[in-house]
Amino acid sequence: MQQPIISPSLLSANFNALGQDIEMINQSQADWFHLDIMDGSFVPNISFGFPIIEHVKKMAQKPLDVHLMIVDPDRYIAEFKRVGADYLTVHYEACTHLHRTIQNIKANGMKAGVSLNPHTSVSLLEDILPELDLVLIMSVNPGFGGQKFIAQTYRKIEKLAAMAQKSNPNLIIEVDGGVDSSNAEALCKSGATALVAGNFIFKSAQPKQTISDLKHLNFK
């Protein structure tokens, strides 16, 4: 079992000391910065916009993993490239013409991902899977941090991993929501290759050690 990509979610960072938290991630064994972009329409919450992403990009020494929880994401694809997104993930449920959206993300020079809400079956991605760099499985209902992990996620990951083995073996399978020491290893055994964690990292007394533990699945 390979070491997972670790993508700390800045939604859980201390915004009174955002620079310090960014530098902590820079100095840690994390691989990416995860940024959740919410519009108050697709999900019942609002998060940061383009100025914050630009600020993070200036300080970040690792790729920006940007997750759009917004309606009509096509309007902003070029702008997300401008402010520094390296991976851009849109929701299956928010895209009327998903293939065109994925092509647009790639045409703008970013890696393209699709996210699925807990109720959405991975089988719906069968036709587009070869085009994707990443699939993000939501293991909580999107919109707020700190929710309870949905156990059905393991089966979804196993099914997606089997699909990817046939049509896109290099696919990154990312999981977001309630990831911590109780489920990280089981998620990776199911087929996840990237883990997003927010509260588990930023509320830890030793966040860099927590990131290291996730990276090495080093839990007693």
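Can you work out the Karplus-derived ³J(HN,Hα) for every residue in region 30-45? Use 6.51 cos²θ - 1.76 cosθ + 1.60 with θ = phi - 60°, whole Hz, and x for glycine or proline.
5, 9, 9, 10, 9, 10, 8, 10, 10, 10, x, 10, 5, 10, x, 7
What relative contact order, as a whole-number percentage, does region 5-216 give when Cα pairs under 8 Å and 6 or more residues apart are counted?
After rounding, I find 21 percent.
What is the calculated FRET efficiency for LYS189 to ASP127, with r their C-beta to C-beta distance and R₀ = 22 Å, to the nearest 0.05?
The value I calculate is 0.20.
Given 4 °C and 1.567 mPa s, compute D for region 36-119 with the Stokes-Einstein relation, Rh being the Kirkwood radius over Cα pairs; round to the nearest whole µm²/s.
Estimated via Stokes-Einstein, D reaches 101 µm²/s.
Between LYS106 and ALA205, take the C-beta separation as r, use R0 = 41 Å, and let me know the FRET efficiency to the nearest 0.05.
Step by step, r from the Cβ atoms, then E = 0.50.
Reachable lysines from LYS58, Cα under 26 Å, same-chain residues fewer than 8 places away excluded?
Excluding near neighbours in sequence, the set is LYS81, LYS106, LYS111, LYS203, LYS208, LYS215.
Treat each spin label as a single point 7 Å out from the Cα along the C-beta direction, and report the ILE52 to LYS159 distance in nm.
Computed distance between label sites ILE52 and LYS159 equals 3.3 nm.
In units of 2.2 N^0.38 Å, what is the alpha-carbon radius of gyration of the chain?
Working it through for the chain, the quotient is 0.93.
Work out from phi, with θ = phi - 60° and the Karplus expression 6.51 cos²θ - 1.76 cosθ + 1.60, the ³J(HN,Hα) of each residue of region 191-203, listed in order in whole Hz, and give x for Gly and Pro.
Result, ordered by residue: x, 5, 10, 9, 10, 9, 9, x, 4, 4, 7, 6, 9 Hz.
About its Cα centre, how strong a charge dipole does region 117-204 have in debye, to the nearest 20, once Lys and Arg get +1 and Asp and Glu get -1 at the Cβ?
320
If amide H atoms are built 1.01 Å from N in the plane of the peptide, which residues on other chains or at least 5 residues away come under 5 Å of the amide H of ILE172?
Those qualifying (amide H under 5 Å, at least 5 residues apart or on another chain) are LEU134, VAL135.
Using a simple charge model, +1 on the beta-carbon of Lys and Arg, -1 on the beta-carbon of Asp and Glu, nothing else, what dipole does the chain show about its Cα centre, in debye to the nearest 20?
Taking the Cα centre of the chain as origin, the dipole is about 300 debye.
Can you give me the relative contact order of region 65-147 as a percent, contacts being Cα pairs under 8 Å and 6 or more apart?
Worked out over region 65-147, it gives 28 percent.
Values quoted throughout were computed directly from the atomic coordinates according to the rules given, and no laboratory measurement underlies them. These numbers were taken from a predicted model, which means no experiment stands behind them. Ideal geometry is used to build each Cβ from the backbone, glycine not excepted, and the neighbour counts take in all protein chains shown.
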